[in-house]
Amino acid sequence: MLSIIVPTYNEKENLPILVKKLDESLKNIDFELIIVDDDSPDGTWRLADELKKDYPFMHVIRRIGKRDLATAVIEGFEKSKGSILAVMDADLQHPPEKIPHMLDKIKNGADIVVGSRYVKGGMIEKWSIVRKFYSKFATFLAHAFIPKSRATNDPLSGFFMIKRDVIKNIPLNPIGYKILLEILAKGKYKNLEEEPIKFKEREKGKSSLNAGVQVKYIMHLLRLAWEVKEIHRIIKFAFVGLIGVFVNLGVLWALTDLAKIYYLISAVFSIEVSIISNFLLNDIWTFKDRRSYGAKKWIERLIKFNLISSPAFPMQISVMGLLKEFFGMYYLLAALIGIFVVFVWNFFANSFWTWKN
Ligand code: GDD
Ligand code: MN
C-alpha cells in the first residue's frame, strides 16, 4: 500500500482540487492520503474532514500548537500504514499524475524516487533569475555539506517517494522544510532515481516560505552536517593542512637556509612536498570513507589532488615574492600568508572531485 502524506497550512482552496486529481490519477492503486494540518486559520482541517465522506482513502491529522512542515510530514509517516511513502505539497505545484510513474520506479527496485526539477525533462514555471539563483545556491550548499545528497540534483524537492524501510528505525529530527534532505543524509538506501517534474506556479493561496524558513534551512543543514560528521571532515582537513604548513615551511627553510637555494625555487619544491604529504594524510584519514580501492584509483586521486592544489604554486610564490621584495617581509612569514589563501578552495574542490565518491 502507498501512503501519500500532504502537509497543509491554509490550503482550503487547493485541497479539494488536489484530492480530486489524486482520485483520478490513482484509479487502480491501493493508497491512503494523510493530510497533516497545523490547525490552519482558514479551516483546512475542517474541509478535509468533510471531504473524507466522499473520499474514504483520506485521513486527517489536525495538530494544535505546532507549526512546521517537516515535523508534520514525520507525524504523517508515523500514522501511515503503507510500505511505500510519498510526500507532496497541497498547493498543486507538484503534479499528482507523476505518482504512478514514481511508484513503478519503486516497484522496479528504486528505494527513493525524487520528483526533480533539475533533471532532463524537469523544469520550473515562471521563476525569476534571482529565485532560481537562490534555489541553485541552496542546492549547492546541500551538496557541499551533505555528500550523500549528491545522489540527486534536487535534494530540496518537496515531492518524493520512498520505501518505508529507508527510514525504518532511523530517528528523523528535521526542522523547517527540507525533509528529503534529512532522509538522504540518514536513510538507508542504494538506488535513487529521479522523476522529472514541472514545478508549477502556485495559483491559489500563498507560500509559507519566508526569511525564517531560510534561517531554519541553514540551521538544519549545519546540524545535519554535524550529525553525518561532515563538519568533522572539514576540521580534519584543516588539521592536515596545518601539518602541511609545517612541512611546507620546513622544507622551504632547509632548502633556502641550509642548501642555499634561491628561496622562490625552494618554494616550488616545498609546495610539492607538502601537497604530497597532505594528499597522503587526507587519503588515509580525512576522506578514508570515500576512497575507491586499487592503485589506479589512488594515482587518479593523487593527480586530481595535485591539479586542485596547483593554484598554490602561482599563489604562494607571487604572494611570497611580493611581500618579501616590496615590503621586506621575512620569507617564511610571507610563505605562511601565501599558504592560507588556498584553503577553502582546496577543501571543496577536493570534496567535489578527488574524493567525490
Ligand atoms: N502542516 C504544515 N505546517 N504544513 C505546512 C506548513 C506548516 O507549518 N507550512 C507549509 N505547509 C504546507 C503547505 O500548505 C504546502 O502544502 C506545503 O507545505 C509547501 O508549502 P509552500 O509554502 O507552498 O512551500 P513552497 O512552495 O515555498 O516550497 C516548496 O517547494 C520547495 C522547493 O522550491 C516545498 O515543497 C519545499 O519543501 C521545497 O523545498
Ligand atoms: Mn508551494
request  = Would you check if there is a residue in region 142-164 being among the hydroxyl-bearing types (Ser, Thr, Tyr), open to solvent by less than 20 Å² (accessible area, probe 1.4 Å) and within 16 Å of ligand 2 (Cβ to nearest atom)?
outcome  = yes
inquiry  = Just to check your reading of the model, which residue among 89, 111 is in contact (Cβ under 8 Å) with a residue 12 or more places away in the chain, within 15 Å of ligand 2 (Cβ to nearest atom) and charged (D, E, K, R)?
reply    = 89
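Identify, please: which residue in region 205-253 is outside any helix (DSSP H, G or I) and either within 16 Å of the chain's Cα centre (by Cα) or of a type in the set (Gly, Ala, Ser) (or both) and is, among those, nearest to residue 174 (Cα to Cα)? Walk me through how you get there before you give the answer.
Within region 205-253, the first condition is being outside any helix (DSSP H, G or I), and the residues that meet it are 205-210, 228-229.
Subsequent filtering for residues that are either within 16 Å of the chain's Cα centre (by Cα) or of a type in the set (Gly, Ala, Ser) (or both) retains 205, 207-208, 228-229.
Values: 205: 25, 207: 20, 208: 17, 228: 13, 229: 16 Å.
Looking at residues that are outside any helix (DSSP H, G or I) and either within 16 Å of the chain's Cα centre (by Cα) or of a type in the set (Gly, Ala, Ser) (or both), I get 228.
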task = Within region 265-320, track down each residue that is of a type in the set (Lys, Arg) and open to solvent by 30 Å² or more (accessible area, probe 1.4 Å).
result = 288, 291, 296, 297, 304
ask   = Of the numbered conditions (1) closer than 17 Å to residue 240 by Cα; (2) surrounded by 15 or more Cβ atoms within 10 Å (Cβ to Cβ), residue 261 satisfies every one except a single condition; which is it?
value = (1)
request  = Tally the residues that are within 13 Å of ligand 1 (Cβ to nearest atom), among the β-branched types (Val, Ile, Thr) and either exposed (fewer than 14 other Cβ atoms within 10 Å of the Cβ) or at pLDDT below 95 (or both), restricting the search to region 79-138.
outcome  = 1
Flag for residue 27 being surrounded by fewer than 15 Cβ atoms within 10 Å (Cβ to Cβ) and at pLDDT below 95 = yes
ask   = Of the residues 229, 204, 188, which single one is within 16 Å of ligand 1 (Cβ to nearest atom), within 30 Å of residue 113 (Cα to Cα), of a type outside the set (A, V, I, L, M) and open to solvent by 60 Å² or more (accessible area, probe 1.4 Å)?
value = 204
message = Could you list, ordered by first residue, the pairs with Cβ atoms under 9 Å in which the first is in region 132-147 and more than 18 Å from residue 353 (Cα to Cα) and the second is open to solvent by less than 90 Å² (accessible area, probe 1.4 Å) and charged (D, E, K, R), at least 6 apart or interchain?
response = 135/117; 138/178
note = So, first residue in contact (Cβ under 8 Å) with a residue 40 or more places away in the chain in region 5-17, second residue part of a strand (DSSP E or B) and acidic (Asp, Glu), Cβ within less than 6 Å, six or more apart or across chains; the pairs are 8/37
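Show me the helices (runs of 4 or more DSSP H) entirely contained within region 1-95 in which 1 or more residues are basic (Lys, Arg) and over 18 Å from residue 203 (Cβ atoms). Even if it seems obvious, please write down each step before you answer.
Numbers: elements: 15-25, 44-54, 69-79.
Answer list for region 1-95: 44-54, 69-79.
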ask   = Since residue 50 meets every condition but one in (1) within 23 Å of residue 164 (Cα to Cα); (2) at pLDDT 95 or above, which condition does it not meet?
value = (1)
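The values are calculated or read from the model by the stated rules, or taken from the named source; none is laboratory data. Here the structure is a predicted model, which means the values were calculated and not measured. Positions of Cβ are generated from backbone atoms using ideal geometry, with glycine treated the same way; all protein chains shown enter the neighbour counts. Just the protein is used for accessible areas: all its heavy atoms, side chains included, with ligands, DNA and RNA removed. Shrake-Rupley method; radii C 1.70, N 1.55, O 1.52, S 1.80 Å.
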